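Please read through the structure below; I'll follow up with questions.
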Amino acid sequence: MYKHLFVPIDGSDLSHRAMDGSIELALQLGARITGFVVEPDLPLSAVSRDPVAYAKHINEHEDHNETHAGALLAQFEARARTAGVEFTGSHVESGAVDDAIAGAAEAAGCDMIVMVTHGRGPVGELLFGSHTRAIIARSQLPLLVLH
């Protein structure tokens, strides 16, 4: 039924739940996994009017994002491969996390998104937002939410 799971991770403690839960599910379904990391754009507060300083900030930010995303995806890949699950990883830099996740899942040809939620409840969602809720609204793919 579901043969290609899309699993966004961010490096938080919940990412480990997403990794482990999606690998377990992939084993049960005979599915493969695409791991995905969205790294934030350079904040405007870090942007300088000095072109040399701006270029330096951009390069440092991109290097940091590349290193961070690469480390997360390598860890996820190692876990998946140890379990015998086929894995592909990718990352993007974007300020629109929800759009990046929904768009990448569909572009990768996945048939289900697997996410972990903080479970903050209605007040927490009001204060902090909910990527999970936004993905439900933006994507046509089924979404499995782990808590």
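How much length would be gained if the chain were fully extended between LYS3 and LEU143, taking 0.36 nm per residue of separation minus their Cα-Cα distance, in nm to one decimal?
Extending this stretch completely gives an extra 49.0 nm.
Let me ask something else. Once phi is turned into θ = phi - 60°, what whole-Hz ³J(HN,Hα) does the Karplus curve with 6.51, -1.76 and 1.60 give for every residue of the range 87-100, x standing for Gly and Pro?
Coupling constants for the range 87-100: 9, 10, x, 8, 8, 9, 10, 7, x, 10, 4, 4, 5, 5 Hz.
Quick one: length gained pulling HIS68 to SER94 fully straight, 0.36 nm per residue minus the C-alpha distance? Walk me through the numbers on the way to the answer.
Details: separation 26, 0.36 × 26 = 9.36 nm, distance 1.44 nm.
Between HIS68 and SER94, full extension yields an extra 7.9 nm.
List the residues, sorted by chain then number, that are 5 or more residues from HIS91 or on another chain and whose placed amide H is less than 5 Å from its amide H.
Residues meeting the criterion, in which the H sits 1.01 Å from N, are VAL37.
Under 5 Å between amide hydrogens, which residues at least 5 positions from LYS3 or on another chain qualify, with H placed 1.01 Å from N in the peptide plane?
The list, which skips near neighbours in sequence, is ASP111.
For the range 12-28, take each phi angle, set θ = phi - 60°, evaluate the Karplus expression 6.51 cos²θ - 1.76 cosθ + 1.60, and give the result in whole Hz per residue in order, putting x for glycine and proline.
For the range 12-28, the Karplus-derived couplings read 6, 4, 5, 4, 5, 5, 5, 4, 5, x, 6, 5, 4, 5, 4, 4, 5 Hz, x marking Gly and Pro.
Every read-out reported here was derived from the displayed coordinates using simple, explicitly stated rules and does not represent laboratory data. For clarity, every value in this text was computed on a predicted model and none was experimentally measured.
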